[in-house]
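Chemist: Dropping the structure in here first, questions after.
The values are calculated or read from the model by the stated rules, or taken from the named source; none is laboratory data. Predicted model only: the values in this text are computed from it and were never measured. Counting neighbours? That spans all protein chains shown, and the Cβs are built from the backbone with ideal geometry, glycine included.
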Amino acid sequence: MSELQERYAASMMNTFGPPRLALVRGEGAVVWDDQGSSYVDLLGGIAVNALGHAHPALVDAVTDQLRTLGHVSNFFTTEPQVALAEKLLDLLHSSVEPVETPRPSSFGKVFFANSGAEANEAAFKLTRLTGRTHVVAMEEGFHGRTMGALALTSKAAYREPFEPLPGDVTFVPYGDEAALREAVTDRTAAVVLEPLQGEAGVNPAGDDYLRAVRQVTTEHGALLWLDEVQTGMGRSGAWFAHASSGIVPDLVTVAKGLAGGIPIGALIALGEAADTFGPGNHGTTFGGNPVSARAALAVIETIERDGLLAHAAGLGAHLREGLLADDRVVEVRGSGLLVGLTLTEPRAPQVYQHAFDAGFIVNPPTPDRIRLAPPLVLTREQADAFLAAWPGILDAAYAEQLPEASS
Ligand SMILES: *Cc1c(COP(=O)(O)O)cnc(C)c1O
């Protein structure tokens, strides 16, 4: 254990377990630890560092804004926050070509928060103002760690220590249309889901299911709330992962990649839902501050200028194909640079470990799944280096004695 890791253990609450590395520097998709080793970062701060590390566009935007005006509170407004709200609405409207019938009209509004959980918290509060309280959420979904977000999480181990949580939530199996139709009634305020479940190990719902959710919610006058905290802002190879379904949601939450690592979250509401909140209903001190907003604008501009959506889509497909070529990989999932794969055996922790040894940071969300969410600026050469190392990583992981299954 390095000196920093010892100090960590003595001073930091043990919410995350011991940190695997102490990192000191990053550039593009590469990070360096305090021992001088470098790693290709295929997790990107958990789908956050869209532009990788130390990208000049992000550094310049944040530096310039902080020199000019860093924080003002929500008693006042600034150009960057309004410009970002306009841009997000623009992207949301232009990224979907509506094919489904009843849909919200074209207007919309944005609320800025500081994280994904807070964006979802805002959305959850908004649903309560519809005059209904019932929310339908998905098994294995993830929406964050606040009490409200936790109420939308089905996993018993996460929930039970903190109950009672805000109630009136029904969980349905993700992707099961019949179960959804049974759960949603005229007293349902909203259905919340990720278009692609990230923490569950990159689980797609499929466009047909998303269209069914849109139809059912419209039939019952309930809001369709998409949690795109992980999948949004280019991660999927499109601005929003639901775009290919053609549906228009009522609520969309985004955060992780939005400002490339500067904390921010946003709730975007379209149609009538946009005017639900009134003065005093919700608030935040930091949310929508000009530094985070400028950072997000810089990320979006860079993605547009450098063609990173197409790059993410193409490189993601290349990675999936290369990873699947090994027959210890059962299947690959996801879109763009959100990549999930299932191993033939529960060896994800071993793969994670041996990937480190080979100089790559990957993520094992479940015992038999590996997730990659690298920076959108990951190069073809870096991806190919990982694909070249992949069979060797699997060899080492599969050569290990598996611990006895605990009874
Ligand atoms: C990460 C995540 C959250 C929580 O975001 P935080 O910024 O950690 O609060 C919510 N929803 C989804 C889908 C996520 O992946």
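Chemist: Considering the stretch 252-272 alone, what residues qualify as being more than 15 Å from residue 91 (Cβ to Cβ), more than 13 Å from the ligand (Cβ to nearest atom) and modelled with pLDDT of 95 or more?
Modeler: Within the stretch 252-272, just 260 meets the criteria.
Chemist: Does the stretch 194-208 contain at least one residue that is over 12 Å from the mean Cα position of the chain (by Cα), within 12 Å of the ligand (Cβ to nearest atom) and not in a loop (DSSP other than H, G, I, E, B)?
Modeler: Checking the stretch 194-208: at least one residue is over 12 Å from the mean Cα position of the chain (by Cα), within 12 Å of the ligand (Cβ to nearest atom) and not in a loop (DSSP other than H, G, I, E, B).
Chemist: Any residue at all in the stretch 137-151 that is touching a His at 6+ places or on another chain (Cβ under 8 Å), more than 19 Å from residue 125 (Cβ to Cβ), touching a residue at least 12 places away in the same chain (Cβ under 8 Å) and assigned by TED's automatic domain parsing to the domain that holds residue 241?
Modeler: no
Chemist: Further question: So which pairs qualify, if the first residue must be in the stretch 263-287 and more than 17 Å from residue 86 (Cα to Cα), the second must be within 16 Å of the ligand (Cβ to nearest atom) and in a strand (DSSP E or B), the Cβ gap must be under 8 Å, and the two must be at least 6 apart or on different chains?
Modeler: 277/111; 282/111; 284/112; 284/113
Chemist: Scan the stretch 196-214 and tell me whether some residue there is of a type in the set (Asp, Glu) and buried (at least 19 other Cβ atoms within 10 Å of the Cβ).
Modeler: yes
Chemist: A further question follows. For the stretch 111-180, please list each of the helices (runs of 4 or more DSSP H) lying entirely inside it that holds at least 3 residues being within 16 Å of the ligand (Cβ to nearest atom) and in contact with a strand residue (DSSP E or B) (Cβ under 7 Å, 6 or more places away or on another chain).
Modeler: 116-128
Chemist: Working carefully through the options 158, 174, find the one that is under 24 Å from residue 255 (Cα atoms), surrounded by fewer than 17 Cβ atoms within 10 Å (Cβ to Cβ) and without any contact (Cβ under 8 Å) to a residue 60 or more places away in the chain.
Modeler: Within the list 158, 174, the selection yields 158.
Chemist: Same structure, new question: Out of curiosity, is residue 344 more than 23 Å from residue 28 (Cβ to Cβ), among the hydroxyl-bearing types (Ser, Thr, Tyr) and out of contact with any strand residue (DSSP E or B) (no Cβ under 9 Å at 6 or more places or on another chain)?
Modeler: Considered against the rule, which asks whether it is more than 23 Å from residue 28 (Cβ to Cβ), among the hydroxyl-bearing types (Ser, Thr, Tyr) and out of contact with any strand residue (DSSP E or B) (no Cβ under 9 Å at 6 or more places or on another chain), residue 344 comes out as no.
Chemist: Scan the stretch 155-175 for residues that are touching a Gly at 6+ places or on another chain (Cβ under 7 Å) and either more than 16 Å from residue 226 (Cα to Cα) or of a type in the set (A, V, I, L, M, F, W, C) (or both) and report the count.
Modeler: 1
Chemist: Among the listed residues 282, 318, identify the single one that is at pLDDT 95 or above and either among the β-branched types (Val, Ile, Thr) or under 30 Å from residue 131 (Cα atoms) (or both).
Modeler: Exactly one residue qualifies, and that residue is 282.
Chemist: Next question, about the same structure. State the number of residues belonging to the stretch 186-215 that are more than 17 Å from residue 169 (Cα to Cα) and of a type outside the set (Lys, Arg).
Modeler: Here the count works out to 18.
Chemist: Please go through the stretch 215-239 and pick out each residue that is under 23 Å from residue 371 (Cβ atoms), more than 10 Å from the ligand (Cβ to nearest atom), hydrophobic (A, V, I, L, M, F, W, C) and over 10 Å from the mean Cα position of the chain (by Cα).
Modeler: Within the stretch 215-239, 238, 239 qualify.
Residues checked against (1) modelled with pLDDT of 95 or more; (2) away from the ligand (no atom under 16 Å from the Cβ); (3) surrounded by 20 or more Cβ atoms within 10 Å (Cβ to Cβ); (4) assigned to a helix (DSSP H, G or I):
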{"residue": "1", "(1), (2), (3), (4)": "no, yes, no, no"}
{"residue": "14", "(1), (2), (3), (4)": "yes, yes, no, no"}
{"residue": "18", "(1), (2), (3), (4)": "no, yes, no, no"}
{"residue": "25", "(1), (2), (3), (4)": "yes, yes, no, no"}
{"residue": "39", "(1), (2), (3), (4)": "yes, yes, yes, no"}
{"residue": "50", "(1), (2), (3), (4)": "yes, no, yes, no"}
{"residue": "66", "(1), (2), (3), (4)": "yes, yes, no, yes"}
{"residue": "71", "(1), (2), (3), (4)": "yes, yes, no, no"}
